[in-house]
Amino acid sequence: MVKAVVGANWGDEGKGKITDMLAAKADIIVRFQGGANAGHTIVNDYGKFALHTLPSGVFYNHTTSIIGNGVALNIPILIGEIKSIVDKGVPAPKILVSDRAQIVMPYHILLDQYEEERLAGKSFGSTKSGIAPFYSDKYAKIGFQVSELFDEEILKEKVDRVCDIKNVLFEHMYHKDKIDKGELLNTLHEYRDMIAPYVCDTALYIDKALKEGKTVLLEGQLGTLKDPDHGIYPMVTSSSTLAAYGAIGAGIAPYDIKQIITVCKAYSSAVGAGAFVSEIFGDEADELRRRGGDGGEYGATTGRPRRMGWFDCVASKYGCRMQGTTDVAFTVLDVLGYLDEIPVCVGYEIDGEVTKEFPVTRLLEKAKPVLKKLPGWKCDIRGIKNYEELPAECRAYIEFIEDEIGYPITMVSNGPSRDDIIYRKSKYSK
Ligand code: GDP
């Protein structure tokens, strides 16, 4: 049985917490796309952790954590992350890395930095983790697979060939020092020794586990609106953020994915540039940012203040549809307890017409939010375990949004910890 945990929006919806929670009953947790450019924040008995590369299941003894072939693997960051959790008292996790995963090279990170410098004010808001150059090279067929680290002849030839290409850019486009081939080869030898204990054919491993009846969780990074095909191109990430890609990035059959849990936050936040229709500014935004998440809405990787907005029914309905949602996990609802009235975006006005369907970027840029105000509940809902015990206004908020998006909200998260969760039945469940 395979379940996917993915985001409906711009990322930071609380997928880490939901994955960590569901991992209690899972055997294997797989990262299938993305890299160390975004983070998950997890709060549990060991403390508070910001993970970038490790799946959010590493805190249990019974789980195996897999870095799938679809991931942009930054080897020193992965090894550093393993060390950092072990140093905090977490038992050494069982980790497997796909022999088909490709490696983020030092020059990918440099290229990201140089390109942002070159673009100056016109940048795409990259986190400078080398993700875009990494995926460009993967599809240009000059990427390095983990398995290639273990063949000296292939490695040497490839370093030589790829550096010749990269050095043209380094020298003539960015006017920087050229890559030293010998130094790069030494770095790759270090990478090989670091990663060797973890490497295997992870797709085969998962296949065997599924045949034994094990439960596999696919953990997505970012959300639908950052998908290169279905998101707000070009302000997107470089690998697909959709559950469908989980099949490719983990190496399983698409029909094995039985449950798609799409995580939706009770309000909106986004990082990086791009249209954000329900965005708010000034004091209103500052207050929500300060109260948001668990200790404020600031990037887990970059510390950048996140852009804030009201819940966007149009974007979330689309976000859920493109994921193929079977269940919505509605998160961070407790944060809204301070508001007298809570605006939600129920439509986009584009060129004088109101639509509830999420448009292409060109039209999105022109969209103005149509807001509806719902009554607030003005109290702290943390600690509540049963849906019926939530204040009536709070249930009305959830049910209004559920009707707008048309997907079943079966989980409501009312705090950052594993057990801050309320399960509910939905008329939209199939
Ligand atoms: P992810 O990338 O989707 O995992 O999201 P992030 O980890 O960036 O952001 C979610 C933040 O909200 C983290 O700080 C979580 O600890 C926190 N969080 C998750 N669920 C809840 C919730 O229901 N209530 C509150 N207050 N915080 C939550």
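The values are calculated or read from the model by the stated rules, or taken from the named source; none is laboratory data. As the structure is a computational prediction, the values presented were derived from the model and not from experiment. Neighbour counts run over all protein chains shown; Cβ positions are idealised from the backbone, glycine included. Calculation scope for accessible area: heavy atoms of the full protein, side chains included, ligands and nucleic acids excluded. Shrake-Rupley method; radii C 1.70, N 1.55, O 1.52, S 1.80 Å.
Odds and ends about this structure:
- Paramagnetic reach from Y233 (point 7 Å along Cα→Cβ, amide N under 15 Å) across the range 125-163: 136
- Simple Cβ-charge dipole of the range 102-197, Lys/Arg +1 and Asp/Glu -1, about Cα centre, in debye nearest 20: 380 debye
- Its DSSP H runs of at least 4 residues, each contributing -39,500 (n - 2.57), put the calculated 222 nm mean residue ellipticity of the chain at -9500 deg cm²/dmol, to the nearest 500.
- Stretch gain in nm, segment Q113-C200, where the contour uses 0.36 nm per residue and the Cα spacing is subtracted: 28.1 nm
- Of I350, I28, I261, the residue with the greatest mean-square motion in the GNM of the chain, using alpha carbon springs below 10 Å, is I350.
- Members of K128/K356; K3/K425; K17/K385 lying beyond 26 Å, as alpha-carbon distances in this model show: K128/K356
- Cα→Cβ-extended label distance, 7 Å offset, between R304 and D286, nm: 2.1 nm
- Taking the range 102-197 and dividing mean pair separation by its residue count, relative contact order in percent (alpha carbons under 8 Å, at least six apart): 25 percent
- Loop trypsin sites (Lys or Arg not before Pro), the range 195-268, which have at most 16 other Cβ atoms in a 10 Å radius of their Cβ (DSSP): K214
- Relative contact order (percent, whole number), the chain, Cα cutoff 8 Å, 6+ residue spacing: 20 percent
- Shape category assigned to the range 390-430 from the gyration tensor of Cα positions, a/c cut at 1.5: oblate
- Bridgeable aspartates and glutamates around K156 (alpha carbons under 13 Å apart, same-chain partners fewer than 8 residues away excluded): E148, D164, D180, E183.
- Chymotrypsin sites (Phe, Trp or Tyr not before Pro) within the range 236-310: DSSP coil, no more than 13 neighbouring Cβ in 10 Å: F281
- For the chain, the share of DSSP beta bridges that are antiparallel, to the nearest 5, is 40%.
- Entry comment: accessible area of the chain is 41 Å² per residue, from protein heavy atoms only and a probe of 1.4 Å.
- Listed residue pairs exceeding 18 Å between alpha carbons, taken from K15/K226; K317/K372; K48/K214: K48/K214
- Cα-centre dipole for the chain with unit charges at Cβ (Lys and Arg positive, Asp and Glu negative), debye to 20: 580 debye
- Site pair S136 and S429 shows an inter-label distance of 4.7 nm when each label is modelled 7 Å from Cα along Cα→Cβ.
- Computed from backbone phi with θ = phi - 60° and the Karplus coefficients 6.51, -1.76 and 1.60, the 3J(HN,Hα) list for the range 97-102 is 10, 4, 5, 9, 5, 9 Hz; x is used for glycine and proline.
- The fraction of accessible area contributed by carbon and sulfur in the chain is 52 percent, rounded to a whole number (1.4 Å probe; ligands and nucleic acids excluded).
- Paramagnetic label zone (point 7 Å from Cα along Cα-to-C-beta, K48; backbone N under 18 Å) in the range 403-424: 414-420
- Taking every C-alpha pair closer than 8 Å and separated by at least 6 residues, the mean separation divided by the residue count of the range 171-304 gives a relative contact order of 13 percent.
- At R0 = 41 Å, FRET efficiency that the Cβ-Cβ distance of E157 and K83 yields, to 0.05: 0.80
- Sparsely packed loop sites in the range 63-98 (the trypsin sites (Lys or Arg not before Pro) outside DSSP H, G, I, E and B with at most 14 other Cβ atoms within 10 Å) comprise K88.
- Cα shape, the range 102-197, gyration tensor, a/c 1.5 rule: prolate
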